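Following: one structure in C-alpha cells, then a few remarks.
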Amino acid sequence: MSEARGEGRDQSGNLSFVVGCVDEDHRGSEEGGRIKNEGEMRKGEEEDDDKDDDSPPERQIVVGICSMMKKSKSKPMTQIMERLCKFEYITVVIFPEEVILSQPVDKWPLCDCLVSFHSKGFPLDKAVEYAKLRNPLLINDLNMQYYIQDRREVYRILQEEGIDLPRYAVLSRDPDRPEECNLVEGEDHVEVNGEVFPKPFVEKPVSAEDHNVYVYYPTSAGGGSQRLFRKIGSRSSVYSPESCVRKTGSYIYEEFMPTDGTDVKVYTVGPDYAHAEARKSPALDGKVERDSEGKEIRYPVMLSAMEKLVARKVCLAFKQTVCGFDLLRANGHSFVCDVNGFSFVKNSMKYYDDCAKVLGNMVMRELAPQFHIPWSIPLEAEDIPIVPTTSGTMMELRCVIAIIRHGDRTPKQKMKMEVRHPLFFALFEKYGGYKSGKLKLKKPKQLQEVLDIARLLLAELGQHTDCEIEEKKGKLEQLKTVLEMYGHFSGINRKVQLTYLPNGQPKASSEEEECPTEGPSLLLVLKWGGELTPAGRVQAEELGRAFRCMYPGGQGDYAGFPGCGLLRLHSTYRHDLKIYASDEGRVQMTAAAFAKGLLALEGELTPILVQMVKSANMNGMLDSDSESLTDCQQRVKVRLHEIMQKDQDFTEADYQKLAPTGSPSLVTSMKTIGNPVRTCDQVYALIQRLTSQIRRRLEDPKSADLQLYHSETLELMLQRWSKLERDFRNKSGRYDISKIPDIYDCVKYDTQHNATLDLEDTLELFRLSRALADIVIPQEYGINKAEKMDIAQAYCLPLMKKIQLDLQRTHEDEAVNKLHPLYSRGVMSPGRHVRTRLYFTSESHVHSLLSIFRYGGLLDEVKDQQWKQAMDYLSAVSELNYMTQIVIMLYEDNNKDPGSEERFHVELHFSPGVKGCEDEENVPLGFGFRPASAENQEKQTNQGSLEDLSQDETDRALSLSEPISIKRSPMIRNRKTGSMEVLSETLPTSSKGTSYRLFPSCSCQSPEIKQTGLGFEGCSMVPSIYPLETLHNSLSLKQVDKFLNAVCEHSSDAHAKTMKALSALFDTSSQGYSQTHTYPHPPKALSSSETPVRSPECPLWYSSGPSSTVFSGRSSSPTSVNPDKNFSFSE
C-alpha cells in the first residue's frame, strides 16, 4: 500500500483514496468507499442534489478524522484508513488542519463517527464543542483526554480501577514558593509527603507532555542519574553524574522497577484486542536501536491472560478505544507506568489489518441499525493459536547456566576487633542486628555513624596508658583511618560487619589478651579493598562477548558477525536472561560488565547494573558469611594449621593427611614447599625486604608523586604490606596460616599491575606464596572427600536447588517476554526460546560447587572414561582464578519421544579463569570444548555453513566454523602474553569428532580499548582467560536431576539443625524475621510461574533484588520449594 500523498492507488491500479479536492471524473463508486477531505464532501453533496432520485444511493457512514495533519497523514493512519474504506458502507473524511485551527466548529465537516485525539497544538476544547454540537459516535472519549495529559490523574484512575502500578507519591510545588514542599532529600533516598523512596527511584514531571523523566541511582551502584527525553536521533537518554533531585516543578516520585532492560508497549483497539511490542528500555544505555529504514526496532510479544485483562481495564477506564500504554514486567508481575491515549503500532501490516477490521466492525455494529444498513457481525477467531515446530535433527539449545567468579580486584583487606562499648550495641540494635545475630553496614550514613563512634572513643582514650586500651586504641585508629579514606563513602569500597558474641570472643591465640572480659560483646570486622579493577572490567566484558559464541549461529541481520546469534535471539525476545550477583560490589560490577559485553550495550555500568543484575542475597544463594564457619570448617582449619606449623619436611604421613585425594596440584605444591615453617620464614623475610624497599622509595624525592595502578600510592602500598608483615607472624613467632591467601593476593596483584616498580625478589615471593596458597586455599574447603562435600553443601545448597529448578523449568511454560508468532516479520522460528541464568559469585561458591560435581557421585570414574579424564584434569588445576566458569548447557532433541530419557541432554563445561603470571608452560591440558551436539552434525547429510545464512532459519545447536580434522585432542594453545585468548582458541573435540573454533579469532573489543603487546592500554596488563574445557558431554537430564536431588536431600538434615540452632539463639527477637522467611505449606509440585512472594514491608523492587545488590540486606521471600529448607529464591 502506498503512503498518503496527493493520491493513492490499490494493487490493481484503481484510485483508493484522495486527499484534497478532486474533480468529478475521479469520483468512482469503488467498492469499499474512499477517504475524502471536506471540499470533496461538499462537492459530492451538491452533485448528489442535482441527480435524479430514481435509485437513491445507499446511505454511507462517514468516519471523520479530526487531528493535527502530521497525525492524520501518518503512515499508520493512512494504512488503517485505507483498510477501513474496504467496508462497503464506510467513507472516511479527513478534517483539514486549517479548518480545525481557524474555522468555528459549525463550519467543520459533518460525520457520523469521530476519531479525534489531542497532540501538540491541537485545540481539544473545540473538538469537545464539536462533539456536543453534532453528537457523533466517539471512538476515543474527548473529555478523558484532559486527564491523560496529567500523570497525577492517570495514576489516580489506574488506582481506582485496581490496576497494579509502582508505589508512588506526588510532590506538588507552588511555582512562586518552590522551596515550600514536603520533600526531604538524603544521599540515597528521598522522602515525599512522609513516604520514603530509596534509590533507585524515578522522577516524572506531572505533565504527561514533559518527557524529561529522570532515574536516580544509589551511591553503592555508582550514583548519578539517567536522564530520559524524547528521542533525538539515536539517543533516548543520557547518563549524568548529578545525584540531586530537581528543585523546581511538580513531580511524581515512584519506585524503580527492575525489568531486565526491557519495556513493553501495549496498543488496544477496543477492550478485546491488544497488541504488545517490546523494546530496549531507554534508561538502559540510552542508545535507540534502529533498523535499516531508521525506525526504532521493536518486536511483538505475547501478553499473558492477566495482562490482557489489564489492557481491557485501561481501555474502558479511560474510554479510549484506540489506546497505548506502557507495561513494566518485574518480579513476576506487570505494572502500568504510563497511559498515552490514542496511538497506533508502526510498521506492522498484521496490526493494520486487525485494527481496521476491529474499528470497522465496531462502527457498523453501532451505526448500521439506525441507518438501516444490512450488516451482520462476521464470526471469526481473533487469536489463532499457532504451535511452532522445529525442523532438522540437530539438538536445540534450551538452557545455559553459568556460575562465574568475579574479575581481577584490588587486594582485600580486613581488620577484626572485639567491642563492648554501649554505643556499638546501640548501633547494632538500631539496624536490627538482634534478629539474626549479625549486621552488615555498607550505606554511607551507617559508616558515618561507625566513624563518629571511633572518633568519640579515641578522644576518650586520649589520656589512658593501660596496655590493653593502647592495643584497642591502635585498632580504633585503624578503623578511623580506613573509614576516612577517599574522602567519601561507598558501599563498594568498605563495609563493617558486627557479630553478636553472647560470651565474648574465645581466646584464639597467644596474641590475644590474657584475661578476656566476661559477658556479651560484638566482633567488629572492617573490610576494605577488593574493588574490581579496570582490568577486571575488561576481562568481564570480553568474556561476555566471547560467551555469545555458545549460542546458535547468527542469521538475518547478524550473518557474518561471529557470535551474534545470541544478539539475534535476545533482540527478538526469544532469550530469557536473568543475571544474579552476590552483594559484593566487585561481583556486581563484574556481572554488569559481562552483561555489557554479552548484549553489546554501551556507556556506563551503573544503569546496566541497576536494571540487568538481580540481587541474589537470599539466605546465602551466592553470598557466604566467612565469619560464621561451620563446625566442619573450623575442624579443617585447625588441622590445616597444625600440619603447616611443623618445622620439618613433609613426611609420607603428611602427604596422606594433607592430600588424601592424591591431587597432583597439591602434591606438586607440597614438594615445592618441603618444610612449611622454613618456607614461611622465607616468605616473612621476603615481605620484610619488600617493605624496606618501599620505605626507601618513599624517601626518594623522585618517587614522591609516583602513581601506582588504579590510583594507589606508595604509602597505601606500604600500609597493606606492613599490615601483612605484622599479622603473618605473631608475638610467639608462630605463623598465622590464614594470612597466606592475603599474601598471595597482594604479591599477585603487584606482580601483574605494579611490575614497573622493579622491586627485588617479588617473583620469588610470588612463587613461594603461590605454593603455600595452592595448599591452604583449596584445603580450607575440606581436606578429604567427606569434608569437601560437607562444606560445599553448607555453601551451595540454595544454589544447587536453584540450578535444579532452572533445568526443570526450561521445558515448562514461562512468564517471560515471548515473541508473538503471528506478528513476527523476518523471524522464521518465533517459537525458539533459550533460557540463560548467570550467577556471579566469589571463590568460595566456585570451589564448593566444583567439589559437589567432583565428589558428589554424579558419575563413576571407573566406568566412565570421559569423566575419569575430566577428574584428572580438575585435579591438576591448582587455582580457580578470577573469571572461573562452570557452565551447564541443556539441549533438546525434538525427534525423541517427549517422555524419553534421550529427549533432554546435559553438558558440563569448565574454565579455570584468568591465566596466572608464571609457570604457564606447566598448565594442565584439558580435552577441548566438545559439545556432543557438534558430533551429531556428522549425521547431517548437507549441513552447509551456519554462519552464512541470509535469513533467520531454524537456529542450530551451535555455531561451527573452520573444521580441522585431528587424530588426538590436546589443546592447541596460543601463548602470546597479552592476547585475549578466549577469543582466539582452536578448540578440538574428542578423537572421533572434528575440532573447530568455538570463539572465532577476530577479537570484538570495545572501541575505547586498544590491545597492546602487554594487554589493554589504560588497564595495565589484562591476562587472557582459559577457554572452556568439556568435562562431560553425554549426561541425561534425568541423571543430573537425580544427582541434584540426592545432594540436596543429603544436606537437608544438617541444614535444618543449623537453622534450628540459630533460631533458638535469637528466638524472641527474630520471630518477625522467621515469619517473613519461612513458609510451612509450600506447593507440592514445582510451579512453572516465576512469581515471587514479597515480604510486605519490602519495597517491590527488592523482590528479585535490585540490580545493585548493595540493597540486598532485605532479601525477597518467595515460597520455599522444600518445607525442610529455610532458603528461598526469586526469579
Q. Which of the residues belonging to the range 897-918 are part of a loop (DSSP other than H, G, I, E, B) and either touching a strand residue (DSSP E or B) at 6+ places or on another chain (Cβ under 9 Å) or touching a residue at least 12 places away in the same chain (Cβ under 8 Å) (or both)?
A. Glu901, Glu902, Arg903, Pro912, Gly913, Lys915, Gly916, Cys917, Glu918
Q. Name the pairs whose Cβ atoms lie under 7 Å apart, with the first residue in the range 762-789 and within 18 Å of Tyr749 (Cβ to Cβ) and touching a residue at least 12 places away in the same chain (Cβ under 8 Å), the second open to solvent by 30 Å² or more (accessible area, probe 1.4 Å) and small (Gly, Ala, Ser), and 6 or more positions between them or separate chains?
A. Asp774/Ser878
Q) Taking the range 363-412 on its own, how many of its residues are modelled with pLDDT under 90, crowded, with 21+ Cβ neighbours inside 10 Å and assigned to a loop (DSSP other than H, G, I, E, B)? A) 2
Q) loosely packed, with under 14 Cβ neighbours inside 10 Å, farther than 13 Å from Leu714 by Cβ and charged (D, E, K, R) - does that describe any residue in the range 689-698? A) no
Q) Which one is nearest to the chain's Cα centre (by Cα), of the residues in the range 669-679 that are buried (at least 18 other Cβ atoms within 10 Å of the Cβ) and among the polar types (S, T, N, Q)? A) Ser669
Q. Which one of these does Arg767 not meet: (1) open to solvent by 40 Å² or more (accessible area, probe 1.4 Å); (2) within 25 Å of Ser844 (Cα to Cα); (3) under 34 Å from the mean Cα position of the chain (by Cα)?
A. (3)
Q: May I ask you to list the residues in the range 413-447 that are assigned to a helix (DSSP H, G or I) and open to solvent by 70 Å² or more (accessible area, probe 1.4 Å)?
A: Pro422, Glu429, Lys430, Lys435, Lys445
Q: Collect the residues in the range 163-173 that are farther than 18 Å from Glu203 by Cβ and either open to solvent by 50 Å² or more (accessible area, probe 1.4 Å) or assigned to a helix (DSSP H, G or I) (or both), keeping them in residue-number order.
A: Asp164
Q) For the range 135-155, how many residues are in contact with an Asp or Glu (Cβ under 9 Å, 6 or more places away or on another chain), open to solvent by 40 Å² or more (accessible area, probe 1.4 Å) and of a type outside the set (A, V, I, L, M, F, W, C)? A) 3
Q. If only one of Asp813, Asp790, Asp806, Asp761 is modelled with pLDDT under 95 and closer than 27 Å to Asp654 by Cα, which one is it?
A. Asp790
Q | Unmet requirement for Gln634, which otherwise passes all of (1) open to solvent by 20 Å² or more (accessible area, probe 1.4 Å); (2) closer than 17 Å to Asp774 by Cβ | A | (2)
**Q.** Test: residue in the range 521-536 that is at pLDDT 80 or above, among the polar types (S, T, N, Q) and within 30 Å of Arg420 (Cα to Cα)
**A.** yes
(Q) Can you tell me which of (1) surrounded by fewer than 19 Cβ atoms within 10 Å (Cβ to Cβ); (2) touching a Leu at 6+ places or on another chain (Cβ under 8 Å); (3) part of a helix (DSSP H, G or I) is the one Val99 doesn't meet? (A) (2)
Q. Within the range 842-888, restricting attention to residues that are in a loop (DSSP other than H, G, I, E, B) and among the hydrophobic types (A, V, I, L, M, F, W, C), which residue is nearest to Pro664 (Cα to Cα)?
A. Val877
Q: Output the residues belonging to the range 704-719 that are modelled with pLDDT under 90, open to solvent by 10 Å² or more (accessible area, probe 1.4 Å) and part of a helix (DSSP H, G or I).
A: His710, Ser711, Glu715, Leu716, Gln719
Q. What single numbered condition from (1) over 29 Å from Gly332 (Cα atoms); (2) part of a strand (DSSP E or B); (3) among the charged types (D, E, K, R) fails to hold for Glu179?
A. (2)
Q: Considering (1) part of a helix (DSSP H, G or I); (2) without any contact (Cβ under 8 Å) to a residue 40 or more places away in the chain; (3) of a type outside the set (D, E, K, R), say which one Val314 fails and leave the rest.
A: (2)
Q) Can we say Gly233 is in contact with a Phe, Trp or Tyr (Cβ under 7 Å, 6 or more places away or on another chain) and surrounded by fewer than 21 Cβ atoms within 10 Å (Cβ to Cβ)? A) no
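Residue-by-condition table, conditions (1) in a helix (DSSP H, G or I); (2) in contact (Cβ under 8 Å) with a residue 24 or more places away in the chain; (3) of a type outside the set (Ser, Thr, Tyr):
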residue: Val636; (1), (2), (3): yes, yes, yes
residue: Asp654; (1), (2), (3): yes, no, yes
residue: Pro660; (1), (2), (3): no, yes, yes
residue: Thr672; (1), (2), (3): yes, yes, no
residue: Thr679; (1), (2), (3): yes, yes, no
residue: Gln682; (1), (2), (3): yes, yes, yes
residue: Ala685; (1), (2), (3): yes, no, yes
residue: Ile694; (1), (2), (3): yes, yes, yes
residue: Asp727; (1), (2), (3): yes, no, yes
Q: Could you run through the range 772-800 and say how many residues are touching a helix residue (DSSP H, G or I) at 6+ places or on another chain (Cβ under 7 Å), open to solvent by 10 Å² or more (accessible area, probe 1.4 Å) and under 25 Å from Ser669 (Cα atoms)?
A: 10
Q: Take the range 862-887 and flag every residue that is open to solvent by 10 Å² or more (accessible area, probe 1.4 Å) and among the β-branched types (Val, Ile, Thr).
A: Val862, Val877
Q. Which of the residues spanning the range 61-95 are in contact with a Phe, Trp or Tyr (Cβ under 7 Å, 6 or more places away or on another chain), of a type in the set (Val, Ile, Thr) and touching a residue at least 60 places away in the same chain (Cβ under 8 Å)?
A. Ile61, Ile80
Q. Counting residues that are of a type outside the set (Val, Ile, Thr) and under 26 Å from Gly224 (Cβ atoms), which strands (runs of 3 or more DSSP E) fully inside the range 261-304 reach at least 2?
A. 274-280
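The values are calculated or read from the model by the stated rules, or taken from the named source; none is laboratory data. Note that this is a predicted model, so its numbers are computed, not measured. Glycine gets a Cβ as well: all are built from the backbone with ideal geometry, and neighbour counts include every protein chain shown. With ligands, DNA and RNA removed, areas are computed over all heavy atoms of the protein, side chains included. Shrake-Rupley method; radii C 1.70, N 1.55, O 1.52, S 1.80 Å.
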